[in-house]
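The values are calculated or read from the model by the stated rules, or taken from the named source; none is laboratory data. Just so it is clear, the model here is predicted, and its values are computed rather than measured. Don't worry about glycine lacking a Cβ; one is built from the backbone with ideal geometry, like all the others, and counts go over all protein chains shown.
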Amino acid sequence: MRKVCIAGNWKMNMTPSAGAAFAAELAKAVKDASVRVVVAPPFVTIGSVVKALENSSIEVGAQNMSDQVSGAFTGEISPEMLKDAGVTIVILGHSERRAIYGETDDFINRKVKLALSHDLDVILCVGETLEEREGGKLEEVLKRQIVEGLKDVSADSMENIIVAYEPVWAIGTGKTATPDDANSAHAFIRNEIEKLYGKSVAESLIIQYGGSVKPSNVKDLMAMEHIDGALVGGASLTVEQFAPIVRYNK
Ligand code: 13P
């Protein structure tokens with residue numbers, strides 16, 4: 001059985017004080033959750049959120065990480081800093097990092113391996129743009145992002161990896177992939193993982209869907225065979241919306 005993981009990517013929202021207040025309220029609202037719950041605040045907000053969630057099972061993630069261990073890398077945050085701050089998992093390869101900041105598969109792969117070597121779990125984001133989808137390139141793009149993003153990652157390390165399928169055209173647009181479209185992309189990803197690592201790794205892999213997940217569509221998405229969780233942006237910023245997503249099965 002795959003353990004469902006619902007994660008909130010706060011993106012560039014929530015100051016340290018607002019994040020702490022929000023996290024405390026969220027913890028109360030999802031106390032009975034039976035799934036793995038993660039919130040990923042901006043770097044400066046991580047400390048106050050970790051503190052606010054001290055007595056909660058909600059994990060704190062990061063939205064990005066350096067590909068270097070330490071040294072003269074102005075503005076960067078290392079895996080050791082994240083670990084020490086209480087982070088357990090890091091989102092890597094988000095489409096906003098790829099598109100706005102030019103992150104390549106090779107660069108993302110270096111971060112994935114560095115995170116794993118510091119005992120951080122990874123949410124590796126993959127997904128196609130509308131142009132790529134309409135140009136018939138969906139599978140080619142997903143395959144490249146999976147194969148290159150996971151290059152030299154061992155089968156044993158795969159239990160520390162979650163893949164998030166986030167079609168770029170569905171992010172922040174209100175357009176959600178239909179459950180069937182999302183499920184078939186997830187099935188394709190699982191099959192690629194099987195080719196790389198074999199059936200048992202592929203069967204255990206958690207694949208999250210991301211892109212305009214809301215309380216109103218989460219149940220239909222989560223009912224699909226290959227959808228094992230959600231990576232939520234906008235709707236992770238209010239308790240009114242995020243709590244029912246986390247409690248989708250209650
Ligand atoms: P939205 O839920 O706002 O579409 O964002 C999805 C996302 O990018 C999560 O990482």
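Tabulated data for the structure shown
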| quantity | calculated |
| --- | --- |
| Hits in the range 53-112 - residues which are within 16 Å of Val39 (Cα to Cα) and of a type in the set (D, E, K, R) | Glu54, Glu59, Lys83 |
| Test set (1) within 20 Å of the chain's Cα centre (by Cα); (2) on the phi > 0 side of the Ramachandran plot - Ile89 fails condition number | (2) |
| Options Gly149, Gly172: the member that is within 16 Å of the ligand (Cβ to nearest atom), modelled with pLDDT under 95 and over 11 Å from Gly127 (Cα atoms) | Gly172 |
| Test: residue in the range 125-137 that is under 18 Å from the mean Cα position of the chain (by Cα), at pLDDT 95 or above, surrounded by 20 or more Cβ atoms within 10 Å (Cβ to Cβ) and not in a loop (DSSP other than H, G, I, E, B) | yes |
| Selection from the range 210-250 of residues that are touching a Gly at 6+ places or on another chain (Cβ under 9 Å) and among the hydroxyl-bearing types (Ser, Thr, Tyr) | Ser212, Ser236 |
| The lone exception for Ser154 - which of (1) in contact with a helix residue (DSSP H, G or I) (Cβ under 8 Å, 6 or more places away or on another chain); (2) at pLDDT 95 or above; (3) of a type outside the set (D, E, K, R) it fails | (1) |
| Count of residues meeting criterion [exposed (fewer than 15 other Cβ atoms within 10 Å of the Cβ) and either of a type in the set (Lys, Arg) or touching a Gly at 6+ places or on another chain (Cβ under 9 Å) (or both)] in the range 152-173 | 3 |
